[in-house]
Amino acid sequence: MRKVKKEKQFRSGRPCKFCKEAVDYIDYKDERWLRRFMTDRGKITPRRITGTCAWHQRILAAAIKRARSIALVPFVREYYR
């Protein structure tokens, strides 16, 4: 049987916001900046949507989780029944 090669998927040409501004540390206390990378339900937005690089996405996720644990950012914004 032949193996079928998968075509490479290219990311959008959007540069990472953090790389563009040369950010090394994402402050977990800056709640307004963190909310930009969260959905209306309180979930962390994936990097394919935000355009952040993998390195900064890991740091961003850790900062959001840290801010959640000390109640700067809610775990869930609204609860729907």
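Scanning the stretch 32-81 for residues that are hydrophobic (A, V, I, L, M, F, W, C), farther than 18 Å from Pro15 by Cα and not in a helix (DSSP H, G or I) yields Met38, Ile44, Ile70, Ala71, Leu72, Val73, Phe75, Val76. Within the stretch 64-81, the residues that satisfy the criterion of being at pLDDT below 90 and either hydroxyl-bearing (Ser, Thr, Tyr) or surrounded by fewer than 18 Cβ atoms within 10 Å (Cβ to Cβ) (or both) are Ala71, Leu72, Pro74, Phe75, Val76, Arg77, Glu78, Tyr79, Tyr80, Arg81.
Could you please find all residues in the stretch 54-69 being within 12 Å of Lys43 (Cα to Cα) and not small (Gly, Ala, Ser)?
Ile64, Lys65, Arg68
Scanning the stretch 24-63 for residues that are buried (at least 17 other Cβ atoms within 10 Å of the Cβ), over 10 Å from the mean Cα position of the chain (by Cα) and in contact (Cβ under 8 Å) with a residue 40 or more places away in the chain yields one hit, Tyr28.
Within the stretch 20-27, does at least one residue satisfy the condition of being of a type in the set (Ser, Thr, Tyr), assigned to a loop (DSSP other than H, G, I, E, B) and in contact with a Ser or Thr (Cβ under 7 Å, 6 or more places away or on another chain)? The answer is no, given that none of the residues of the stretch 20-27 is of a type in the set (Ser, Thr, Tyr), assigned to a loop (DSSP other than H, G, I, E, B) and in contact with a Ser or Thr (Cβ under 7 Å, 6 or more places away or on another chain).
The values are calculated or read from the model by the stated rules, or taken from the named source; none is laboratory data. Everything numeric here is computed off the predicted structure, so don't read it as measured data. Counting neighbours? That spans all protein chains shown, and the Cβs are built from the backbone with ideal geometry, glycine included.
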